[in-house]
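Novice: I'd like to ask some things about the structure below.
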Amino acid sequence: MVQAYILIQTEVGRARDVAGEIANISGVVRVDAVTGPYDVVVLCEANTVDELGNLIVSRVQLVPGITRTLTCSVVRL
């Protein structure tokens, strides 16, 4: 299982809508609205890196109201 955090910037006033829609996507483990330079932080997981990339590019990044994302892969040290 591979995991990643996605840091999301949204259009002004859209964080709640974006978080709600992302929460319904299969593979999303947790969604939190946060303060600071990002508006929403998402933890997602998949069986392979390719599946994870597909989830991020084909599902999460297409949610209306998102202006920018930064993906941080989880590593086990």
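Novice: Restricting the first residue to the range 11-32 and requiring it to be open to solvent by 50 Å² or more (accessible area, probe 1.4 Å), which pairs with a second residue that is among the small types (Gly, Ala, Ser) and not in a helix (DSSP H, G or I) meet a Cβ separation below 9 Å and a spacing of at least six or different chains?
Specialist: Glu11/Gly65; Gly13/Gly65; Arg14/Gly65; Arg16/Ala33; Asp17/Gly65; Glu21/Gly65
Novice: Just to verify a result, which residue in the range 58-69, among those that are open to solvent by less than 80 Å² (accessible area, probe 1.4 Å) and not β-branched (Val, Ile, Thr), is farthest from Val12 (Cα to Cα)?
Specialist: Residues of the range 58-69 open to solvent by less than 80 Å² (accessible area, probe 1.4 Å): 58, 60-61, 63-66, 69.
Still in the running and not β-branched (Val, Ile, Thr): 58, 61, 64-65.
Working: Ser58: 23, Gln61: 17, Pro64: 12, Gly65: 9 Å.
Ranking the candidates gives Ser58 first.
Novice: Being acidic (Asp, Glu) and within 12 Å of the chain's Cα centre (by Cα) is the filter; apply it to the range 33-50 and report the residue that is most open to solvent (accessible area, probe 1.4 Å).
Specialist: Glu45
Novice: Can you pull out the residues in the range 46-75 that are without any contact (Cβ under 8 Å) to a residue 40 or more places away in the chain and among the polar types (S, T, N, Q)?
Specialist: Result: Asn54, Ser58, Gln61.
The values are calculated or read from the model by the stated rules, or taken from the named source; none is laboratory data. This is a predicted model, so every value here is computed, not measured. Quick reminder, even Gly has a Cβ in these numbers, built from the backbone with ideal geometry, and neighbours come from all protein chains shown. We work out accessible area using only protein heavy atoms, side chains counted, and drop any ligands, DNA or RNA first. Shrake-Rupley method; radii C 1.70, N 1.55, O 1.52, S 1.80 Å.
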